Amino acid sequence: MFSTREYLDKKSGPYGVGRLSYLQSLVTEFQESAESDTDTKEQILANLANFAYDPINYGYFKKLNVIDLFLDCLDEENEKLVEFAIGGICNCCLDKEIKEQIIEASGIDLVIKCLSKAHENTVMSAITTLIYLTTPKSKRYTTALPVVECMIRYAECQNKQIGTLAQIFLEDYCLPVQIEEAKAVQRQMAEQFSENKT
């Protein structure tokens, strides 16, 4: 449930820890955690991703550069950090300013890389994020040929949630000519693969 500023002020009281201070402490702890302390980093990033559900936190996220932190974590080797980071981005990227920040920071390329991750939650968040990030300005990136090709494969996925999300992406954001071009590439690759086997 979303919080109001009045509710937060009442809950924390005049001497309580404010939301901004708490989020600042999470960001600081994450940045100061040793590389080897993966459990702490994962827990903090999961907490930040959960705070991304509530629009009242978006102003704080902007002040604390939480979006940049999420984007940086998309390049991590640790799959859990990637999962929580893309989840956090997915939770807050409908905000116009955050969406613009992600697009301007070449975040779409980082989100696209998440499509090839092993964790299904990561893939679902990545597809959903691409749906949210698709604008007239960004569409040529979010619906690039490799993305469309990937979505065609995911539309046949055994995981129904991933399959449905991929189908929505194809139907709502891709032109028929893009889909046909991607299918042609897949056919060509399949033919080359069978030729190499023989």
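The values are calculated or read from the model by the stated rules, or taken from the named source; none is laboratory data. Just so it is clear, the model here is predicted, and its values are computed rather than measured. Note that each Cβ is placed from the backbone with ideal geometry, even for glycine, and that neighbours are counted across all protein chains shown.
Tabulated values for the structure
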{"quantity": "Verdict on C114 being modelled with pLDDT of 95 or more and among the hydrophobic types (A, V, I, L, M, F, W, C)", "calculated": "yes"}
{"quantity": "Failed criterion for S106 (all others in (1) closer than 23 Å to Q31 by Cβ; (2) touching a residue at least 12 places away in the same chain (Cβ under 8 Å) hold)", "calculated": "(2)"}
{"quantity": "Matching entry among D95, D68, D72 (being within 24 Å of D172 (Cα to Cα) and surrounded by fewer than 22 Cβ atoms within 10 Å (Cβ to Cβ))", "calculated": "D95"}
{"quantity": "Options Y154, Y53, Y58; residue that is in a helix (DSSP H, G or I) and in the same structural domain as E29 (by TED's automatic domain parsing)", "calculated": "Y58"}
{"quantity": "Single match in I108, I89, I98, I67 (criterion: over 27 Å from R19 (Cβ atoms), hydrophobic (A, V, I, L, M, F, W, C) and not assigned by TED's automatic domain parsing to the domain that holds I152)", "calculated": "I108"}
{"quantity": "Selection count where residues are without any contact (Cβ under 8 Å) to a residue 12 or more places away in the chain, within 22 Å of T122 (Cβ to Cβ) and in a helix (DSSP H, G or I), scope region 157-198", "calculated": "3"}
{"quantity": "Residues within region 148-198 that are touching a helix residue (DSSP H, G or I) at 6+ places or on another chain (Cβ under 8 Å) and not basic (K, R), tallied", "calculated": "28"}
{"quantity": "Scope region 78-100; condition over 9 Å from the mean Cα position of the chain (by Cα) and among the polar types (S, T, N, Q); matching residues", "calculated": "N78"}
